[in-house]
Amino acid sequence: MEKRIGIIGSGQVGITLANGFHKHGYKVMIGTNDPEKHESIKEKTGGNAAIGSFSDTAGFADVLVLAVKGIAAEEAIKRAGIDLFKNKIILDTTNPIAEVPPTNGVISFFTTLEESLMERLQKLAPEARFVKCFSCVGNVLMIDPDLGGTIPTMFIAGNDDQAKQVTTDILTEIGWETEDMGKAEGARAIEPLCILWCIPGMLRGQWRHAFKLVR
Ligand SMILES: NC(=O)c1ccc[n+]([C@@H]2O[C@H](COP(=O)([O-])OP(=O)(O)OC[C@H]3O[C@@H](n4cnc5c(N)ncnc54)[C@H](OP(=O)(O)O)[C@@H]3O)[C@@H](O)[C@H]2O)c1
């Protein structure tokens, strides 16, 4: 079966994943709603990804990555067209980072521990199959993470078991082990790991680390 993936969002995460999935043999489309960005996206992806709008990208593949600014994630889905997300598997990288400065290296979220951003997105597009993924690691380690031989752990969560299996297979292919943290509510625990992950970077400029579950 042809491997296709659509990446909604053209920031650092979108570009990194577009290049990484291309390297792993995927046909990739990357989505931006800003036509002025097309030329720079083409340069950053070496011409190896198709470029379209959020709607074009949502329609391009059965597996999508949502890689937009957390505060704009609901708007991005609405702009793409909620119907286009029906039955799609959506690897949700987004973090609900509030637009306020960090306090002693600790960033703030606009969500609460009783409702994650992914749950909000799942409510907005109930027929989409969201899987929280990639949210608590820096983009440079997302594909084939080189951590001195240690395979890091990606925590995932989502309501659809088949979507989580597809996600796990993709993660295995790109160098991760996966821990399933249950249904969509599991994102309430996964998303705040981003706050923890950022602290060494904010305080000491250290950004090259990932989580691993040990038993
Ligand atoms: N950077 C990392 O290493 C990292 C790691 C883990 C998770 N994340 C999470 O991944 C997501 C993407 O992060 P990023 O650093 O790649 O880039 P970002 O700057 O957070 O997001 C860039 C994308 O967001 C879209 N966007 C911004 N404002 C918008 C609005 N008002 N309406 C619709 N779309 C809007 C942009 O659309 P246009 O293309 O149309 O301008 C662009 O494609 C974020 O939620 C972030 O928290 C980031």
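The values are calculated or read from the model by the stated rules, or taken from the named source; none is laboratory data. On a predicted model such as this, the values are computed, not experimentally measured, just so you know. Note that each Cβ is placed from the backbone with ideal geometry, even for glycine, and that neighbours are counted across all protein chains shown. In case anyone asks, the SASA skips ligands and DNA or RNA and just uses the protein heavy atoms, side chains included. Shrake-Rupley method; radii C 1.70, N 1.55, O 1.52, S 1.80 Å.
A 1.4 Å probe over all protein chains sorts 112, 57 by accessible area into 112, 57, starting with the largest. Spatially close Lys pairs in region 120-215, defined by Cα atoms under 14 Å apart and a spacing of eight or more places or different chains, total 4. The modelled label-to-label distance between residue 87 and residue 69, using points 7 Å beyond Cα along the C-beta direction, is 3.4 nm. Taking all protein chains as they are arranged and a probe of 1.4 Å, the heavy atoms of residue 109 leave approximately 40 Å² accessible to solvent. For region 121-163, the Cα gyration tensor yields ellipsoid semi-axes of 27, 11, 7 Å (square root of five times each eigenvalue, largest first, whole Å). Normalised Debye scattering of region 1-84 at q = 0.13, 0.15, 0.20 Å⁻¹ gives log10 I(q)/I(0) of -0.33, -0.45, -0.80, counting only Cα atoms as equal scatterers and leaving out solvent.
Dipole size of region 1-109 about its Cα centre, with +1 on Lys/Arg Cβ and -1 on Asp/Glu Cβ: approximately 320 debye, rounded to the nearest 20.
Express in % the proportion of alpha carbon pairs of region 110-215 at distances exceeding 18 Å. Of all Cα-Cα distances in region 110-215, 50 percent exceed 18 Å. The listed residues 97, 90, once ranked by accessible area (1.4 Å probe) with the largest placed first, stand as 97, 90. Once the mean of 1/r is taken over each pair of separate Cα atoms and inverted, the chain shows a Kirkwood hydrodynamic radius of 17.2 Å. The slack between residue 212 and residue 115, meaning 0.36 nm per residue of separation minus the straight C-alpha distance, is 32.5 nm. Stokes-Einstein diffusion for region 48-135 at 4 °C, viscosity 1.567 mPa s, with a Kirkwood radius from C-alpha pairs, works out to 95 µm²/s.
Distances between placed amide hydrogens fall under 5 Å for residue 7 paired with 29, 30, 31, 65, all partners being 5 or more residues away or on another chain. Our coupling estimate for region 15-20, obtained by passing each phi through the Karplus curve with A = 6.51, B = -1.76, C = 1.60 and θ = phi - 60°, is 5, 4, 6, 4, 5, x Hz, Gly and Pro reported as x.
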